[in-house]
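Everything below concerns the one structure shown next.
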Amino acid sequence: MEESLGLQKIRLELARMQGFPLGASDRGYEFMAPLDAEGHLDKEGWQQGRDRCTVRRFWAAEPEEHGHLVHRGSGWYFHYEGMDAEDDEPIFKFDRHRFVEGEYVSVTEHDGEQRPFKVVSVRPV
């Protein structure tokens, strides 16, 4: 069933920004999501397998956070175990991005800051 959903493991790493001129491979996200043939999120696939669409946030020396990719209204979010919905991390125009290596996405993190992340890998599950 996973293969029919097009489930992919996607790794995002912090891109170049102030304070991180080379980006940071020890700060980012790994998440599972179904993608269509062009690399866009597949909402129907997500609806069929939402329990498999997990996320792991890793951030240098901080404890890892684990949760799920969720869709509410017209937006996509990372929702973490033990947190309220208002603490979810919205992903800017996630539905329009192509998840292919070398592309960039923006995530608004817990602290309210929107940060750029580079797609460093996309692999079938």
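Some values worked out for this structure:
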item: Failed criterion for ARG56 (all others in (1) part of a strand (DSSP E or B); (2) surrounded by fewer than 16 Cβ atoms within 10 Å (Cβ to Cβ) hold); result: (2)
item: Of all residues making up the range 59-71, the number that are without any contact (Cβ under 8 Å) to a residue 12 or more places away in the chain and assigned to a strand (DSSP E or B); result: 3
item: All positions within the range 27-52 that are under 19 Å from GLU109 (Cα atoms) and either free of Cβ contacts under 8 Å to residues at least 24 places away in the same chain or out of contact with any strand residue (DSSP E or B) (no Cβ under 7 Å at 6 or more places or on another chain) (or both); result: none
item: Matching option when the condition is modelled with pLDDT under 90 and of a type in the set (Gly, Ala, Ser), among GLY45, GLY73; result: GLY73
item: Residue in the range 103-114 that is closer than 14 Å to LEU69 by Cβ and surrounded by fewer than 17 Cβ atoms within 10 Å (Cβ to Cβ) present; result: no
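The values are calculated or read from the model by the stated rules, or taken from the named source; none is laboratory data. None of the values given here were measured: they were computed from a predicted structure. Here Cβ is always computed from backbone atoms with ideal geometry, including for glycine, and neighbour counts include all displayed protein chains.
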